[in-house]
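Structure record follows, encoded as structure tokens.
Just so it is clear, none of the values below were taken in a lab; they were calculated from the coordinates. All of these numbers come straight from a predicted model, not from anything done at the bench. We place every Cβ from the backbone using ideal geometry, glycine too, and count neighbours over all the protein chains shown.
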Amino acid sequence: MAGIRDTIVSVIVVVAGATRGTGRGMAVALGAAGATVYCAGRSTRERRSEMNRPETIEETAELVSSAGGTGIAVPADFLDPAQVAELAARVEREQGRLDVLVNDVWGGDHLWQWETPVWKQDQDDGLRLLRLAVDTHLVSARHLLPLLIRHEGGLVVEITDGTWEFNRTRYRGNVYYDLAKVSVNRLAFAWSHELRPYGGTAVAVTPGFLRSEAMLEGFGVTEENWREAKADGAWMVSETPAYAGRGVAALAQDPDRRRWSGSSVTSGELADAYGITDVDGSRPQVWRYLDEVGEKGGDGTWENYR
């Protein structure tokens, strides 16, 4: 990656929501760059979260270490301020600093009801979704940012679905989901202002059509045969969790990263800026595909977008 160092040895990272998907991809990519990564989340080998998925933070920590970093699994429910305060205290006790915070907590897949007006939705589920998607990020910031601002140049990455510009003009199919994803973009903008006096950077990053563990399972395929899924063209422009992970690792290594502060970007935009690719050597651009082909009816094919 032109202009980017090969390693970020000694950088201390917390990934909130590191159990699977984008969080795992970012933890591993940062580990591959040499970082020490605290992999925090609810699903452990002893206990699953309400999502009832098999992936665990211990697995993520092992992947981080295998990639060349130091992975440390820490069970933490980010709706419990006491648990997050203890996480912050542990990082301070063991490392004395925090350089990068990735807020990827979500866990609301089982709660959304697509294309259903608010008066027909289960309100308890909707409000729970908002708590999981937004309150968790606020709790994380409250307890971890005081450690991050002790040294100039800290980085906060907020993970969402859809950039500010994309979500601004499109209803995301469910009012609770819509609010959640717009809110996370706004949090990055807010942190950019609050971190400015400390030389910090805050960026909202959205992956594209993600081939997460759950998505692959849902389509009945694996990463090895994902192209065999019966899906539309957008699936053919999908990406692995490593793609956004590599983008965030490049961002963390960029000495001029403050130019991004307050912005809302896609994994594809980071890939273009830093000259990185997904694991297959491609550079998926699904958000452009959805806009230019899916919505505007352009005559481009999916091959033109990866």
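Listed values, structure above:
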read-out: The chain: relative contact order in percent, alpha carbon pairs under 8 Å with at least 6 residues between; value: 18
read-out: Anisotropy class of region 194-306 from Cα gyration tensor, a/c 1.5 cut; value: prolate
read-out: Which of E115, E194 has the fewest Cβ neighbours within 10 Å, and the rest in rising order; value: E115, E194
read-out: Test item: Cα-centred dipole of region 96-243, Lys/Arg +1 and Asp/Glu -1 on Cβ, debye; value: 540
read-out: The chain - Kirkwood radius from inverse mean 1/r over Cα pairs (Å); value: 19.4
read-out: Relative contact order, percent, region 90-211 [alpha-carbon distance under 8 Å, six or more residues apart]; value: 32
read-out: Mean Kyte hydropathy of -1.0 or more with a Cα span along the axis of at least 27 Å, helices from DSSP in the chain; value: 175-195
